[in-house]
Amino acid sequence: MDQMIMKCMVFLVAVVSSCRVKSDFVTVKHVVYKGSIYKLDIPRGYQFTGFEAGVENENIYLYPDSSHIYITDFKHTPNANNIKALGDSIFQLRFQNEDLLKEVNRSIGIEVAKVLPDTFELLGVDKEGKYWKDVNIGKTAVGYSKVPEGKVPIYERVLSSFRRY
């Protein structure tokens, strides 16, 4: 009987613990113009800002320490300045006009310039010593910025939760 009570206690503690961990995060949704839906698990306690321009939209989740998470379909992301600081060639590659480049390659008949791969990841430390990361997946980008070093694992967990629904 004591073993049964102990097993029930262990099970109860495991259930309560897992609920507590999950409650620190919330799942947010990003809808792309052509119907794709992406989901992302982010920490609670954010202030939401959203922008729309025609068929593109951007969701930014800002935290009290100025760190933020974003999901965007805009050509330039909130990390555009950080990416530019890596060098012009990286900036030009990351923010290339893919449709125009494909058309130029097609009209010339050879691949004059490489098209950005479907998934492209850049990261670094800004001039204030805060961490940032930008992951381009197709025409959608997800990333974080202004993250203190000690919180990077939390934000990496956020990006690893990014999924198409």
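Just so it is clear, none of the values below were taken in a lab; they were calculated from the coordinates. Quantities reported herein were computed from a predicted structural model and do not represent experimental measurements.
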query: Using θ = phi - 60° and the Karplus curve 6.51 cos²θ - 1.76 cosθ + 1.60, what whole-Hz ³J(HN,Hα) does each residue of the stretch 158-165 get, with Gly and Pro shown as x?
result: 4, 5, 5, 8, 5, 8, 7, 10
Across LYS29/LYS130; LYS39/LYS151; LYS29/LYS127, pairs whose alpha-carbon gap is larger than 24 Å: LYS29/LYS130; LYS29/LYS127
